[in-house]
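Colleague: One structure coming up, written as structure tokens, with questions to follow.
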């Protein structure tokens, strides 16, 4: 294997890439598009949930509670209704995600020191948002209740010390201090964009040669199989790395995702991940010799598992055991672990040896498979 | 024309596999993998009080089924290391003097370290811890009042939230995702199928042959789209069956409403597919273009990420997304069981989008022939 011949193949491939401006444009636009859409659109932390309130008490106390709900950044479009069935209709139509019913004896019970229940009708269709909505509502009620209790005790001229809260939970959230779901999703988009572009372009590269019959011509030259494969992948490797750089720049520069690790570690992990993606795409296109089939299978084989099984949005440790076992085959999972650790935790490479070596092993295995397959297909 | 399309579809065994296998694989993968629920969160414990009270609290944490103790730390440094290395997502530390503080009427503190890399899991886990803590605090507070307070203070106002989850009472993520998978799968499949059907004719040069035959463009388009339409309906029925029978998702609405919604939705996806096919010359281009259109449509549909949480300009964009309306129809008919009286705006929107897209594609198609 000589460098000169490999580079020659790479140059030929580069010219071919340049001749197909549409693919190149997609390769460059895709990361920006994905970054913009997911960066802004992918929020799991459910802010601005529409809440409707049915205040059956209409007292000063219930108004004070309503005021706190309105002031919360997590709830929006707070509307008050006069009838229960209006609330039901709003939930049915999806106009409200949470309906709060303040009972008619709310203020009377509070004044006489009784316990009162505020009813929360929550649209459980989207279970995740529902969880969060209840959580936010509970927090508001807790704060309100503490105020009412403080008042109660003060008005009776008693020391508040006897009534201090028995338990306080002091939560320290690390790595993503504001619990911002963007910081959780966006590092994954870097990988997603690379995986997409790499898989799509590289799978076409080899299949194109077969389809046009130029592969035979290439093989009849003194170039070896390994040289062809490496040479063909080099330009796509460069494009993929450029995509990654664009994505990271947008993530850190625009969306203010923290970057706590070292650039070197990130570059090393990215190169490994890209290599695996390209090799898998190559393997597919060597096996299926037409462009359309190859690109479709490549997308199916990379995108789908990546979206679902890499921990991109859905936590792996919540999946049932058989599905969790499958995730070990999805190489995106290792990269995602590394990217998140480097960006958010600032982990040193020493902590990341396991996922990094998994990626390296993966690259080696798929590389050997693809070369062997390619040699065989030439005979 | 219709007959010819069906024949072509049957001849291509590979296509048939490609049409049937991915949706089923996806349905099962999504069905099992897509969950935002929080169970068995790997948790590390450090109990520096080692009292009855601290053990009770930790026991109620694990008894909830939400937390699974994966490590017991010997000291604070080890607890931090466990969270840092990702061995545990949550570290719970109970300081010495916990029981004493509870007994003497002071505030006892429990420290919770959360790996919030996954902010969503962290938020929900925190809510569960809060609920468990609140129960314990309530017990202790009542106990204290009983022992310490003068008679007139035995009663103290309190407010609780009585939660009534509707439509999905156990907060099962599958109930949310499986109906969504049906919509997304049909979206991808029918758009692609239509786009390829026309482009294939163009690529192989048979389009000209058909055009010189007495078949009119409208007839051609109808013949091209009807098989996709039939396939889309069949697929919807198949996946719905798997969803209700295998994944036990309730179906509370009327089949007729869902059928109408599906038909209207298909009209817009087929229109979209046709439009893509008129812009592209090769199957390769068609694939790239449909990919470029489908990805944003998927993200904006509200499939995973709630539309209400998106910034306003993106929310406006979602109104152009037929999948958004169809997902609303699907989730509403499955889980809420509401009918046309609620879903008419969605139906209207899909019909309008369908009409618009089909009209645009016919105009473009005529032009591309000249």
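Each reported figure results from applying straightforward, stated rules to the coordinates on display, with no laboratory input. These numbers come from a predicted model, not from an experiment. Cβ atoms come from the backbone with ideal geometry, glycine included; neighbour counts cover every protein chain shown.
Colleague: Along the Cα-to-Cβ line of residue B:340, 7 Å from the Cα, sits a label point; which residues in the range A:94-127 have backbone N less than 20 Å from it?
Modeller: Taking a point 7 Å out along Cα→Cβ of residue B:340, the residues of the range A:94-127 whose backbone N falls under 20 Å are A:94.
Colleague: Running a GNM on chain A with Cα contacts under 10 Å, which residue among A:220, A:129, A:347 ends up with the highest mean-square fluctuation?
Modeller: For chain A, modelled as a Gaussian network with Cα springs under 10 Å, the answer is A:220.
Colleague: Could you work out which residue, out of B:225, B:295, B:244, moves most in a Gaussian network model of chain B, that is, has the largest mean-square fluctuation with Cα springs under 10 Å?
Modeller: The residue that fluctuates most here is B:295.
Colleague: Quantify how strongly other chains surround peptide B:39-48 by giving the mean number of their Cβ atoms within 10 Å of each of its Cβ atoms.
Modeller: Per residue, the average neighbour count from other chains is 1.
Colleague: Return the single residue from B:347, B:186, B:310 with maximal mean-square fluctuation; model: Gaussian network over chain B, springs between Cα atoms under 10 Å.
Modeller: B:310
Colleague: Please arrange A:210, B:316 by how many other C-beta atoms lie within 10 Å of their C-beta, fewest to most. Working shown, then result.
Modeller: Values: A:210 18, B:316 10.
Ranked by crowding around the Cβ, least crowded first: B:316, A:210.
Colleague: Against the longest principal axis of chain B, how steep is helix B:255-279, in degrees 0 to 90 to the nearest 10, with axes from Cα atoms?
Modeller: Between the helix axis and the principal axis of chain B, the angle is about 60 degrees.
Colleague: On the first, second and third principal axes, largest extent first, how far apart are the outermost C-alpha atoms of the range A:92-158 in Å?
Modeller: Cα extents, longest axis first: 48, 22, 15 Å.
Colleague: Moving to a separate point now. Please compute the modelled spin-label separation between residue A:22 and residue A:93, points set 7 Å along Cα→Cβ, answer in nm with one decimal.
Modeller: It is 4.4 nm.
Colleague: Further question: Given the -39500 (n - 2.57) contribution per DSSP H run of 4+ residues, what per-residue ellipticity at 222 nm results for chain B, rounded to the nearest 500 deg cm²/dmol?
Modeller: Mean residue ellipticity at 222 nm (helix-derived): -22500 deg cm²/dmol.
Colleague: With a 10 Å Cβ neighbour count serving as the proxy for reagent exposure, in which order, fewest first, do A:134, A:284, B:80 appear?
Modeller: Values: A:134 20, A:284 25, B:80 17.
So the residues, fewest neighbours to most, are B:80, A:134, A:284.
Colleague: Using only Cα atoms and rounding to the nearest 10 degrees, what angle (0 to 90) does helix B:283-300 make with the longest principal axis of chain B?
Modeller: So the helix axis and the longest Cα principal axis differ by about 40 degrees.
Colleague: With each label point set 7 Å from Cα along the Cα-Cβ vector, what nm distance links residue A:155 and residue A:376?
Modeller: 8.4 nm
Colleague: Just checking the output field for A:316-322: average partner chain Cβ neighbours within 10 Å of each residue's Cβ?
Modeller: Working: counts 2, 10, 12, 5, 3, 0, 1.
Whole-number average of other-chain Cβ neighbours for A:316-322 is 5.
Colleague: Still on this structure: Just report the Cα centroid separation between the range A:330-379 and the range A:35-87, whole Å.
Modeller: First find each Cα centre; the distance between them is then 46 Å.
Colleague: While we're here: Please compute, for the alpha-carbon atoms of the protein assembly as shown, the extent along each of the three principal axes and give them in descending order in Å.
Modeller: Principal-axis extents of the protein assembly as shown (Cα, largest first): 98, 61, 42 Å.
Colleague: Okay, next question. Using only Cα atoms, tell me the angle between helix A:291-309 and the longest principal axis of chain A; keep it within 0 to 90° and round to the nearest 10.
Modeller: Once rounded, the angle reads 30 degrees.
Colleague: What value, in deg cm²/dmol to 500, does the helix sum -39500 (n - 2.57) over DSSP H runs of n ≥ 4 give at 222 nm once divided by the residues of chain A? Could you put the intermediate results ahead of the total?
Modeller: Details: 14 runs with 249 residues, N = 379.
The helix-only estimate for chain A comes to -22000 deg cm²/dmol at 222 nm.
Colleague: Where in the range B:75-91 is the amide nitrogen less than 13 Å from a point lying 7 Å along the Cα-to-Cβ axis of residue A:328?
Modeller: none
Colleague: Please report, in Å, the Rg and the Dmax of the range B:41-153, where both are computed over Cα atoms only.
Modeller: Over the range B:41-153's Cα set, Rg and Dmax evaluate to 15.2, 53 Å.
Colleague: Sort B:224, A:376, A:12 so that the residue with the fewest other Cβ atoms within 10 Å of its own Cβ comes first and the one with the most comes last.
Modeller: Numbers: B:224 25, A:376 10, A:12 15.
Ordered by Cβ neighbours within 10 Å, fewest first: A:376, A:12, B:224.
Colleague: In whole angstrom, how far apart do the alpha carbon centroids of the range A:214-230 and the range B:56-79 sit?
Modeller: The two parts, judged by their Cα centres, are 59 Å apart.
Colleague: Here's a follow-up. What number in nm² do you get for chain A if you take the convex hull of its Cα atoms and divide its surface by four?
Modeller: On the way: hull surface 98.7 nm².
That works out to 24.7 nm², a quarter of the Cα hull's surface.
Colleague: Okay, moving on. What average number of partner chain Cβ atoms lie no more than 10 Å from the Cβ of the residues making up A:181-188? Let's see the in-between values first.
Modeller: Numbers: counts 8, 1, 4, 7, 5, 0, 1, 0.
Partner Cβ neighbours, averaged per residue: 3.
Colleague: Starting from the 7 Å offset along Cα-to-Cβ, what nm value, one decimal, do you get for the label separation of residue B:68 and residue B:131?
Modeller: Here the answer is 2.0 nm between the modelled labels.
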